[in-house]
Protein chains: 2
Amino acid sequence: MFSGLSAFPITPLKQDSIDEAAYGRLVRRLAAAGVDSIGALGSTGCYPYLSRAERARAAQLAVAHADGVPVMIGIGALRMRDVLELAEDAQKAGASAVLLAPVSYHALTSDEVYGLYDAVTRNLSIPLCVYDNPGTTRFTFSDELHGRIAQLPNVASIKIPGVPAEAAAATERVARLRALIPASVTIGVSGDWFGAAGMNAGCEAWYSVLGGLFPETTLAIARAASKEEATRLSERLRPYWDLIARHGGSLRVTATALEILGLVSGPCLPAPLQSLTGVDRDELAKLIATLELA
Amino acid sequence: MFSGLSAFPITPLKQDSIDEAAYGRLVRRLAAAGVDSIGALGSTGCYPYLSRAERARAAQLAVAHADGVPVMIGIGALRMRDVLELAEDAQKAGASAVLLAPVSYHALTSDEVYGLYDAVTRNLSIPLCVYDNPGTTRFTFSDELHGRIAQLPNVASIKIPGVPAEAAAATERVARLRALIPASVTIGVSGDWFGAAGMNAGCEAWYSVLGGLFPETTLAIARAASKEEATRLSERLRPYWDLIARHGGSLRVTATALEILGLVSGPCLPAPLQSLTGVDRDELAKLIATLELA
């Protein structure tokens, strides 16, 4: 399950609780489109904003509605005790894998991060994907640390935050990491604007927020017949990538797109996070139409 | 209570639960030393790592052991719903004030942060201190935003992350912020190495981790007879400030100092956070002796 397109949906809220109907609909939509796996409770799924009970429920819902497509569940939390409990809950919910970022408030040291993965992987009976996302965790993995963690039992993939834009540099970056990890551990790219570049550079997987929103569009890139075609299809979305960059990431744009498409019943992010309004929202609606995303 | 020395203790853990005996001891020690207020469940108190029940219990313990010294309780959380619940709990525990940082996983916008303070202050019956700590929250307040938030009801103080090292620049920085906020709102400096410089520059309060660990040493600086004396006493601690900088902040150094002094029964931080060991620990022990901190 750690290759191809892994689609990461939002966990939509309604009146500050999980909108179970909308969530089931989103997950079924991804399964129907034929994504290779579903990443529930990723960053876009707002995992750290939800209570343990909400996260357990979302995991159950994702598995129930995935129609057999393997589901990976985010188990990140500031405290190791909570991560271990969340790993238990994810396994009980029937997850096929877990995704773990070294979430921080006080910035973590490399020894602390290694200690976290060491403790968690020893308590797992399903595979784990290492989630490298310095933008939200403020922890920067060295390749050497990735190499050490990738030797731990149950580690099956590394979700990297992107690759250099230039093709040769991207290939070289993926090869450098690959040389330090076991052959059984895959590398998946994230940051959707890096998706085509990452797969062209040799990443086996694309962990994709766009895939959780517009699965057909994303599958077309992920399964393009050639590197050139993948690049062309991704470059076609340049105005969308630019819009995301202007809003500091995918989250608010994705939530707003779901509102525009009527896939959620209204603002669906946990406060204080807000979706886009006014001209920003209008611009996104126009872009969805122009780029024929929906 | 928003002037003078506010001491911020650790919330010590033992076997992953609050060490209530040690925590009571730490708080009584600060009250006995004569600090002006106690900041329980600040960043050093590891508030975001604790469950709601643990935070309510720590708030009750802090108030119970503070011997009448006013206690401010940190209520920060990623989700507004949780912040509002924590504000309730703090008030029920008998807190004199609350401290709120715009904690983030997805970086917040200025509108989102204003919305958070707007909602929380409308639901409060005790004063609030705005906690500006870009190092842990990754949110940078503009002075303009500070000015808008300081107009909200119940806002009583702003905890700023530091001042420029140079005296004239520090005075200018504090004056620039002061010009934008009501006269009733005080400014408190944090980052202990900035403590003397901040108070010399016109900050009314020093929100201090050192004060939560070595209250007498810190009170001597906070109540020095002259600016020059405050600077001299702070500069005497330069090797300690340097040690903190090398360990990325006060937290691990403070926890280790408590271990060395026997004020906690062993490692007291929530995993995966770790205290210092080996040569780092030995160096700290020597420094505590050399600088006559205990």
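The table that follows gives values for the structure above.
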{"quantity": "Whole-number percent relative contact order across chain B, with pairs defined as alpha carbons under 8 Å at least 6 apart", "calculated": "18 percent"}
{"quantity": "Calculated label separations, A:A21, copies of the chain, 7 Å along the beta-carbon direction, nm", "calculated": "5.6"}
{"quantity": "Paramagnetic reach from B:A32 (point 7 Å along Cα→Cβ, amide N under 13 Å) across the range B:235-269", "calculated": "B:263"}
{"quantity": "Antiparallel bridges, percent of DSSP beta bridges restricted to chain A (to nearest 5)", "calculated": "5 percent"}
{"quantity": "Cβ nearest the rotation axis (A onto B), residue from chain A and distance to the nearest whole Å", "calculated": "A:R138, 3"}
{"quantity": "Chains A and B, summed buried accessible surface - 1.4 Å probe, Å², nearest 100", "calculated": "3200 Å²"}
{"quantity": "Solvent accessible area, Å² - A:R176, 1.4 Å probe, full protein context", "calculated": "110 Å²"}
{"quantity": "Within the protein assembly as shown, percent of DSSP bridges classed antiparallel, to nearest 5", "calculated": "5 percent"}
{"quantity": "Label-point gap, in nm, between A:R176 and B:A169 - each point 7 angstrom along Cα→Cβ", "calculated": "3.3 nm"}
{"quantity": "Label spacing, shortest first and in nm, from A:D242 to its equivalents in the remaining copies (7 angstrom along Cα→Cβ)", "calculated": "5.1"}
{"quantity": "Convex hull projection area averaged over all views, the range B:1-88, Cα basis, nm²", "calculated": "5.4 nm²"}
{"quantity": "In the range B:188-294, the trypsin sites (Lys or Arg not before Pro) that fall in loop regions by DSSP, at most 15 other Cβ within 10 Å", "calculated": "B:R223, B:R236"}
{"quantity": "Extension reserve of the B:S3-B:E144 stretch, reckoned as 0.36 nm per residue once the Cα distance is removed", "calculated": "48.5 nm"}
{"quantity": "Those residues of the range B:66-94 for which accessible area with every protein chain present is at least 50 Å² below the isolated value (1.4 Å probe)", "calculated": "B:L78, B:R79, B:R81"}
{"quantity": "Over the range B:13-52 - Rg/Rh using Cα atoms and the Kirkwood inverse-distance radius", "calculated": "1.00"}
{"quantity": "Label-to-label distance, nm, for residues given as A:K92 and A:T277 (7 Å Cα→Cβ offset)", "calculated": "4.0 nm"}
{"quantity": "Debye-sum result for the protein assembly as shown in log10 I(q)/I(0), which assumes one identical scatterer on each alpha carbon, at q = 0.08, 0.12 Å⁻¹", "calculated": "-0.58, -1.19"}
{"quantity": "Heavy-atom accessible area per residue - the range A:4-225, 1.4 Å, Å²", "calculated": "32 Å²"}
{"quantity": "Accessible surface of the range B:4-224 [probe 1.4 Å, protein heavy atoms]: carbon and sulfur percent", "calculated": "53 percent"}
{"quantity": "Label geometry 7 Å along the beta-carbon vector: B:E144 inter-copy distances in nm", "calculated": "4.5"}
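The values are calculated or read from the model by the stated rules, or taken from the named source; none is laboratory data. Given the structure is predicted, the values throughout are model-derived calculations rather than measurements. Cβ coordinates were reconstructed from backbone atoms using ideal geometry, including for glycine residues, and neighbour counts include every protein chain displayed. Note: areas computed on protein heavy atoms with side chains; ligands, DNA, RNA excluded. Shrake-Rupley method; radii C 1.70, N 1.55, O 1.52, S 1.80 Å.
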